[in-house]
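The values are calculated or read from the model by the stated rules, or taken from the named source; none is laboratory data. Please read all numbers here as calculations on a predicted model, not as lab measurements. A quick note on method: Cβ atoms are made from the backbone with ideal geometry, for glycine too, and the neighbour counts reach across all protein chains shown.
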Amino acid sequence: MKNKNILLRVACAIALALALAANGVQAQERVTAITNAKVLTVTNGVIERGTVVIRGSKIAAVGADVAVPAGANVIDGAGKFVFPGIIDSHSHSAIEGSVNEISLPNTGMVRVADAMTADDISPYRQLAGGTTTALLLHGSANAIGGQSQIAKWKVGRPISEWIVADAPRTIKFALGENPKSANFRPPAGVERQYPATRMGVEEVIRKSFIDAHDYLARWDEYEARRKRGEQVIPPRRDLLMETMADILRRRIDVHSHAYRADEMLMLMDVARETGFKVTAFQHVLEGYKVAREMAVERIAGGTFIDWWGYKAEAYDAIPYNVALMVRNGVLTSVNSDSDELARHLNHDAAKAMKYGGLTEEEAMRLCTINPAKQLKLDHRIGSIEAGKDADLVIWTGHPLSSYSRVETTFIEGEIYFDRARDLEMRKQLAKEKAELLAKEQKRRTE
């Protein structure tokens with residue numbers, strides 16, 4: 001716990017120092033130019049000895065012959081690589097306490113955003129691995145879980161600034177072992193929660209949408225009578241049914257935890273039957289078995305490259321899953337579901353070149369523009385293009401190489417991780433700690 005607190009202090013001290021430095025130029029718009037770098041745009045090829053100009057929070061220009069604006073803060077990127085901020089489409093970081101509201105099979109009324117915390121060291125470590133944006137999901141203990149939140153790792157800022165305010169709303173569904181309580185056994189003497197089978201999981205989802213249709217019908221009837229001039233009492237508002245209704249209205253995107261092919265086909269059928277849309281399957285370890293069906297339904301897949309065998313429904317996973325989904329037209333990303341893996345998503349993307357023969361460009365897309373599209377934020381993030389958010393990372397080498405490391409991470413034009421500053425702050429805090437311990441030792445001996 002002490003080490004965690006020290007590391008968190010380091011992260012916050014660095015972030016505060018960087019923020020204070022940035023605030024010194026807030027009166028006039030901040031302009032930064034990264035020059036002489038190899039720019040991996042992801043969507044428009046590679047620019048040798050390129051320049052990226054950041055004006056305020058946006059990328060103002062990128063190219064080989066871009067002029068550096070007068071007065072700009074210039075960063076010489078000679079020998080370095082500039083890459084978009086990595087996007088994690090499945091995260092549970094920075095959420096206070098448990099991410100599972102296990103009390104009901106459908107907890108669509110709760111919101112992850114209400115439990116976000118700035119006391120987690122993981123986001124800072126992820127910045128050091130080049131990850132800048134994440135979809136923070138509810139857990140998978142419920143057939144229908146809580147509403148998720150898309151956030152940027154603006155460590156040192158208030159949580160309200162982490163939230164991407166104009167991002168699409170999302171919600172977590174779950175299939176398989178977890179929502180049927182195979183891995184959440186209640187204590188002795190406590191009744192097991194419904195559902196207890198995969199059949200029950202399907203019924204929970206179907207009934208939730210049947211109830212939502214009834215709820216909408218009651219409100220439609222009320223509005224029709226009100227418009228006719230009748231004096232009528234409106235139906236009672238129900239937060240859960242409001243959520244389910246917004247899914248039917250396509251105002252909330254469904255990201256569903258799923259492993260097995262048969263269950264993914266089941267949810268596709270229920271979606272067609274009840275009128276909602278599945279945006280993405282998460283984990284999707286058997287996606288290679290139903291990739292064609294996913295492509296037809298335009299369902300994306302966020303998966304692991306080499307995690308399998310950790311429970312029964314993960315036994316049929318293969319490392320070629322990513323490439324097979326990509327080759328069948330599925331919008332595919334690699335994601336973490338782990339504070340540790342979230343720092344190495346570039347490595348998982350690179351593995352898809354070995355397992356399945358994806359090209360370098362296809363591999364880079366797995367952790368940048370593809371998850372941006374899955375989150376419907378590709379107009380803002382996921383590639384290096386003029387007009388997009390200046391979420392950029394300067395690497396010592398190619399980001400798909402395990403020998404490369406991050407030197408600087410920008411979010412919306414501000415530096416949130418700087419390796420040189422990090423090392424210097426560690427020295428200062430170590431000195432401060434030693435001085436405090438010496439004072440304490442002196443006090444005890446007096």
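Some notes on this structure:
- Candidates in region 227-267 are the residues that are out of contact with any Ser or Thr (no Cβ under 6 Å at 6 or more places or on another chain) and of a type in the set (V, I, T); of these, the one that is nearest to G145 (Cα to Cα) is T243.
- Conditions (1) free of Cβ contacts under 8 Å to residues at least 24 places away in the same chain; (2) surrounded by 15 or more Cβ atoms within 10 Å (Cβ to Cβ); number of the one not met by E230: (2)
- Qualifying residue in region 170-180 (condition: of a type in the set (D, E, K, R), modelled with pLDDT of 95 or more and either farther than 27 Å from D114 by Cβ or not assigned by TED's automatic domain parsing to the domain that holds D422 (or both)): yes
- Of the strands (runs of 3 or more DSSP E) that lie entirely inside region 28-85, those containing 3 or more residues that are farther than 21 Å from R380 by Cβ span 31-40, 46-55, 73-76.
- Filter result (within 13 Å of L40 (Cα to Cα) and of a type in the set (A, V, I, L, M)) within region 346-398: A363, M364, I369, I384, L392, V393, I394
- Selected residue (only one of E297, E340 is within 29 Å of A245 (Cα to Cα) and in the same structural domain as H257 (by TED's automatic domain parsing)): E297
- Restricting E286, E202, E293 to residues that are over 24 Å from Y320 (Cα atoms) and acidic (D, E) narrows the list to E202.
- Where a residue in region 285-312 is more than 22 Å from V270 (Cα to Cα) and among the hydroxyl-bearing types (S, T, Y) and its partner, wherever it lies, is part of a helix (DSSP H, G or I) and at pLDDT 95 or above, with Cβ under 7 Å and at least six apart: T303/G287; T303/N321; T303/V322
- Every test in (1) closer than 23 Å to A314 by Cα; (2) surrounded by 14 or more Cβ atoms within 10 Å (Cβ to Cβ) is passed by T197 save one, and that test is (2).
- Within region 197-232, tally of residues that are under 39 Å from the mean Cα position of the chain (by Cα) and assigned to a loop (DSSP other than H, G, I, E, B): 1
- When residues of region 101-122 are limited to those that are among the polar types (S, T, N, Q) and touching a strand residue (DSSP E or B) at 6+ places or on another chain (Cβ under 6 Å), the one surrounded by the fewest Cβ atoms within 10 Å (Cβ to Cβ): N106
- Residues located in region 233-264, provided they are under 25 Å from the mean Cα position of the chain (by Cα) and closer than 30 Å to I318 by Cα: D253, V254, H255, S256, H257, A258, Y259, R260, A261, E263, M264
- Cross-chain or 6+ apart pairs with Cβ under 6 Å, region 317-343 first and closer than 9 Å to F304 by Cα, then at pLDDT 95 or above and surrounded by fewer than 21 Cβ atoms within 10 Å (Cβ to Cβ): P319/Y355
- Matching residues in region 394-446 - criterion: being of a type in the set (V, I, T) and in contact with a Leu (Cβ under 9 Å, 6 or more places away or on another chain): V406, T408, T409, I411, I415
- Residues that are in a loop (DSSP other than H, G, I, E, B), of a type in the set (A, V, I, L, M, F, W, C) and closer than 23 Å to V164 by Cβ, drawn from region 388-438: A390
- The numbered conditions (1) surrounded by fewer than 21 Cβ atoms within 10 Å (Cβ to Cβ); (2) under 22 Å from Y124 (Cα atoms); (3) not assigned by TED's automatic domain parsing to the domain that holds R49 are all true for G357 except (2).
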